[in-house]
DNA sequence: CTAAATGCAAATCTTTTGCACAACC
DNA sequence: GGTTGTGCAAAAGATTTGCATTTAG
C-alpha cells in the first residue's frame, strides 16, 4: 500500500456513511458492505463481482440488492458507473466532487489503471458553445499493457 | 499516433464492398443492406434499430443475422462499437484508419452529435509512457442539449 | 461444389420489477 | 410504526449459440 499504482482515496467509511445519510439513504449492513468492497477495490468493479465478494464472507446479499444499492449510490453520486465495451457496467467510488479521473484499459487482460490527468477545458467550452448545459465527459484509453505485450 | 481527422472521407458502397472482401467476407444481400443503412445514418445506430429499418423495406433480415454481421464488421474494422451507458451497443461506420471523431450525447433525449475535434497527443504520450502499446482512446461528452433545456 | 452465411428456436447473460417480509430511524 | 430496504421469483432486454437450410464465389 505504499508506492504502487493508485494512491488510496482519503475516503473513510464514516464520511461515506455521512454522504449516504445526506442522500436520504438508510445505512444498512448490505450498503456498508458494498461500500467497504468498493473502498478496498482499486479498479471499477461489477455488480456480480461485488456479489461474489459478499459470498466469500459469512453474510451474503442478493445480487438484486446489489444492483439496487449501486443504482441508489449512483443517484447520490457516491459511485460512478463505467462501461468499457464488454456489456458489463462497473462501478467505482466517486472522488470528491469536481475531481475525477480517467482510465487506461488493457485490451488483452482487461486490467484497468486510473489516469489522473485531464485538461479538456477547451473541448468542454466547445461543447457548451454548441448549446449544451451541464456538460460532463468520459475519456478512456485502450492499449496493450507492458505485461501483455 | 491516432490523429483525429476533421474531414469526413467519401465512403461509397463500392469501397465498402472492397473492404468487406479484403476482410475475407462474402458480400451478401443482408450485409450490403446493413452497410447502406449505416451509410445513411448520421449517428451510431443499434442492432435493433438496423433490424427495424430492414423491416420497413420488403426484404428483411433476422436480428440474429444483424448481430453477426455487426460483429464481423467490427472485426474487420468496418464499424466501431459505441456504448453510451444505456446498455445498448451502437455502431457507426469506421472512417479511414487513424481518423475518428467523438460524440456529444444529450442526457435527456439521447441524441448523439459528432464532434470533430480532438488533440489528446500529450495524453496519449503519457499513456505510452506508462508502457502501453497500440494506444487508442474514447472521448465522449454528455450534456443537456438546447432543445431539452 | 463447398465453405460461409442465414433463419429459427432456444439459451445465456445482465439488469429490472413485483410483492411479501424484515430492518432501520 | 411507518417508511425504506431486502430477498426471492420471475420478467425483460440485449446478445449469443446450435443446427438445419440456403447462398455466394
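The values are calculated or read from the model by the stated rules, or taken from the named source; none is laboratory data. Since the model is a prediction, treat every value here as computed from it, not as a measurement. When we count neighbours, we look across all protein chains shown, and the Cβ atoms used for this are built from the backbone with ideal geometry, even at glycine.
Brief remarks follow.
- Residue match in the range A:60-77 (condition: more than 19 Å from residue A:13 (Cα to Cα), at pLDDT 85 or above and facing another protein chain (nearest Cβ under 8 Å)): no
- Conditions (1) at negative phi; (2) in contact (Cβ under 8 Å) with a residue 12 or more places away in the chain; number of the one not met by residue A:119: (2)
- One residue alone among B:46, B:15 is at pLDDT 95 or above and more than 13 Å from DNA strand C (Cβ to nearest atom), and that residue is B:46.
- Residue match in the range B:79-88 (condition: within 8 Å of chain A (Cβ to nearest Cβ), surrounded by fewer than 17 Cβ atoms within 10 Å (Cβ to Cβ) and in a strand (DSSP E or B)): yes
Each row is one residue, and each column tells you yes or no for (1) more than 16 Å from DNA strand C (Cβ to nearest atom); (2) closer than 19 Å to residue B:120 by Cα.
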site: A:66; (1), (2): no, no
site: A:124; (1), (2): yes, yes
site: A:137; (1), (2): yes, yes
site: A:148; (1), (2): yes, no
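Table: residues versus (1) within 8 Å of chain B (Cβ to nearest Cβ); (2) within 22 Å of residue B:114 (Cβ to Cβ); (3) within 17 Å of the chain's Cα centre (by Cα).
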site: A:91; (1), (2), (3): no, no, yes
site: A:94; (1), (2), (3): no, no, yes
site: A:100; (1), (2), (3): no, no, yes
site: A:109; (1), (2), (3): no, no, no
site: A:112; (1), (2), (3): no, no, yes
site: A:115; (1), (2), (3): yes, no, yes
site: A:121; (1), (2), (3): no, yes, no
site: A:127; (1), (2), (3): yes, yes, no
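- Residue list for the range B:38-53, filter: in a helix (DSSP H, G or I) and either buried (at least 17 other Cβ atoms within 10 Å of the Cβ) or within 15 Å of DNA strand D (Cβ to nearest atom) (or both): B:38, B:47, B:48, B:49, B:50, B:51, B:52, B:53
- Filter result (within 16 Å of DNA strand D (Cβ to nearest atom) and either crowded, with 19+ Cβ neighbours inside 10 Å or assigned to a helix (DSSP H, G or I) (or both)) within the range A:91-140: A:91
- Total residues in the range B:129-149 satisfying the condition of being within 24 Å of the chain's Cα centre (by Cα) and more than 7 Å from every other protein chain (Cβ to nearest Cβ): the figure is 0.
- Of residues in the range B:54-71 being assigned to a helix (DSSP H, G or I) and crowded, with 18+ Cβ neighbours inside 10 Å, the one nearest to the chain's Cα centre (by Cα): B:70
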